[in-house]
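Colleague: Supplied in structure tokens, the structure appears directly below.
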Amino acid sequence: MAYTTDSIDYSDAAIPDILKSPHILASNIDRSLSSTRSKMNVIEEEENLMKTNYVARILKNEPELLPITKSNWYKEIHWSQAIFLYVHGIIHVASPYHFKVTDPEKDMILPAINGTKRILEAAHGYNKKNENKIKRIVITSSFASVFDQTKGLRPGYSYTEEDWCPLTYEEGIAAKDDPVTVYRVSKVCAERAAWDFIKNEKPSFTIATICEPMVFGPSVTDFKSIDDIHTSNSSIWSLVTSGKDGKIPETRVPKQIDVRDVAYAHIAALERITNTNQRYLISAPTSWSQQQILDIVHESTTIPTNIKNTTPIGIKGQQLPEHFNIDSSKAQNELGVTYIPFKKTIEDLIIQFSKLQHLQKH
């Protein structure tokens, strides 16, 4: 087990994660370790990540382990030291997701690809040398690896696990002024690298990739500052704090899923270890829009007034144009994934935003 955390009360071996995306990370930890006495505070700041990799040190008693940091987590940092005795599975959660891109290749594409490859290489090497075998690696991919933007909204079409984004590595490098495209390239290239590894190296473990669209939902712990709000949720924070006359942004990807359902899918894909490699596309059956968020906020009886007062009204009930669907029946049938209603996702998140607004005023 290898977590990047600043405090752990370690009590029992549980599901191993080598993680990077704090939003999904926290939900995975909350689900997988809720029955133990482990307590973790997930942090992002460079200086805190630099401190130590506590779990690695505890389990291996190697105080000189190189810490996992923002700047080196995807490089060759002795991953073999981070894959421990009694570990049978790894969850590799996400890769850089931000829009502060100056060098697409260095800032996002290579970290995504190399982060995935290092995990697989280390696990493969470990299995060759040890009787205890890593049996399953679950990798967070994205609907970005599936979606073909050139086809537009594609009314009547249902994306499945057979679909792939056509963007190339070269297109990502060239997209210096388009961080969304850079992100999509990073995800599709990282997932393709994983499947190429399986094809070429034929490791003894299997993999499952999880492809999710927009991920929203509450944090495991309340937000202490705006910096605690991660990329997907930050767009909602910007919307509901923009004022009554705030501009309502376009809904680019009209499909979504609650972060807690994403976490469940990862755990289920790990626990239901099989002898086959699988790709899972997960999405709530209902679509979402920016206007729907506004309507939920203003109609909710649980969202406090302070948030209602800073949220635009827009055009109540305005519908999106016809668009594609996502067929997530495979994940429902094989993993037992169910979906939290969008209204609950937004209400649970906005209540945390309300608390943050109060903190900012005091």
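The values are calculated or read from the model by the stated rules, or taken from the named source; none is laboratory data. Predicted model, so just to flag it, every value in this text is computed and none were measured. Note that we place each Cβ from the backbone using ideal geometry, even for glycine, and neighbour counts take in every protein chain shown. In case anyone asks, the SASA skips ligands and DNA or RNA and just uses the protein heavy atoms, side chains included. Shrake-Rupley method; radii C 1.70, N 1.55, O 1.52, S 1.80 Å.
Colleague: Considering only residues that are of a type in the set (G, A, S) and within 17 Å of the chain's Cα centre (by Cα), look in the range 179-214 and name the one that is surrounded by the fewest Cβ atoms within 10 Å (Cβ to Cβ).
Modeller: Result: A194.
Colleague: If you don't mind, another one. So V220 clears everything in (1) touching a helix residue (DSSP H, G or I) at 6+ places or on another chain (Cβ under 6 Å); (2) modelled with pLDDT under 95; (3) open to solvent by less than 50 Å² (accessible area, probe 1.4 Å) except one condition, right? Which one?
Modeller: V220 satisfies every listed condition except (3).
Colleague: Hey, among I267, I257, I236, I273, which residue is open to solvent by 20 Å² or more (accessible area, probe 1.4 Å) and aliphatic (A, V, I, L, M)?
Modeller: Being open to solvent by 20 Å² or more (accessible area, probe 1.4 Å) and aliphatic (A, V, I, L, M) holds for just one of I267, I257, I236, I273, which is I273.
Colleague: Output the residues belonging to the range 73-126 that are at pLDDT below 65, in a loop (DSSP other than H, G, I, E, B) and either crowded, with 20+ Cβ neighbours inside 10 Å or touching a strand residue (DSSP E or B) at 6+ places or on another chain (Cβ under 9 Å) (or both). Can you show your working first?
Modeller: So in the range 73-126, the residues at pLDDT below 65 come out as 73-86, 94.
If we keep only those that are in a loop (DSSP other than H, G, I, E, B) too, we end up with 73-78, 83-86, 94.
Listed by number, the residues that qualify are W73, Y74, I83, F84, A94.
Colleague: I would also like to ask the following. Taking K176 as meeting all but one of (1) touching a residue at least 24 places away in the same chain (Cβ under 8 Å); (2) charged (D, E, K, R); (3) part of a helix (DSSP H, G or I); (4) open to solvent by 20 Å² or more (accessible area, probe 1.4 Å), write down the number of the exception.
Modeller: Every condition holds for K176 apart from (3).
Colleague: If you don't mind, another one. May I ask you to verify whether E171 is of a type outside the set (V, I, T), more than 25 Å from L320 (Cα to Cα) and surrounded by fewer than 19 Cβ atoms within 10 Å (Cβ to Cβ)? Break it down into steps so the answer makes sense when it comes.
Modeller: Details: of a type outside the set (V, I, T): yes; more than 25 Å from L320 (Cα to Cα): yes; surrounded by fewer than 19 Cβ atoms within 10 Å (Cβ to Cβ): yes.
So E171 fits the description; yes.
Colleague: Can you go through S300, S283 and tell me which one is in contact with a strand residue (DSSP E or B) (Cβ under 8 Å, 6 or more places away or on another chain), at pLDDT 95 or above and among the small types (G, A, S)? Talk me through it step by step, then tell me what you get.
Modeller: Values: S300 fails: in contact with a strand residue (DSSP E or B) (Cβ under 8 Å, 6 or more places away or on another chain).
Of S300, S283, the one residue that is in contact with a strand residue (DSSP E or B) (Cβ under 8 Å, 6 or more places away or on another chain), at pLDDT 95 or above and among the small types (G, A, S) is S283.
Colleague: For the range 331-359, which positions are open to solvent by 50 Å² or more (accessible area, probe 1.4 Å) and in contact (Cβ under 8 Å) with a residue 40 or more places away in the chain? First the steps, then the outcome.
Modeller: Step one: filter the range 331-359 for residues open to solvent by 50 Å² or more (accessible area, probe 1.4 Å), giving 332-334, 338, 341, 343-344, 351, 355, 358-359.
E334, T338, P341, K343, K344, I351, K355, H358, L359 - these are the residues of the range 331-359 that are open to solvent by 50 Å² or more (accessible area, probe 1.4 Å) and in contact (Cβ under 8 Å) with a residue 40 or more places away in the chain.
Colleague: Here is a further query. Can you confirm whether the range 217-225 contains a residue that is farther than 30 Å from K117 by Cβ, without any contact (Cβ under 8 Å) to a residue 24 or more places away in the chain and out of contact with any His (no Cβ under 8 Å at 6 or more places or on another chain)? Talk me through it step by step, then tell me what you get.
Modeller: First, pick out the residues of the range 217-225 that are farther than 30 Å from K117 by Cβ: 218, 221-225.
Still in the list and also without any contact (Cβ under 8 Å) to a residue 24 or more places away in the chain: none.
No, the conditions are met nowhere in the range 217-225.
Colleague: Can you list the helices (runs of 4 or more DSSP H) found entirely within the range 243-352 that contain at least 3 residues being among the small types (G, A, S)? Lay out the reasoning, then the answer.
Modeller: On the way: elements: 259-271, 290-299, 305-308, 329-335.
Ranges flagged: 259-271.
Colleague: Further question on the same structure: Of all residues in the range 220-242 being in a loop (DSSP other than H, G, I, E, B) and among the hydrophobic types (A, V, I, L, M, F, W, C), which is farthest from the chain's Cα centre (by Cα)? Let's see the steps before the verdict.
Modeller: Just the residues of the range 220-242 that are in a loop (DSSP other than H, G, I, E, B), to begin with: 220-225, 229-230, 241-242.
Right, trim to among the hydrophobic types (A, V, I, L, M, F, W, C) and you get 220, 223, 229.
Values: V220: 14, F223: 18, I229: 13 Å.
So, considering only residues that are in a loop (DSSP other than H, G, I, E, B) and among the hydrophobic types (A, V, I, L, M, F, W, C), the one farthest from the chain's Cα centre (by Cα) is F223.
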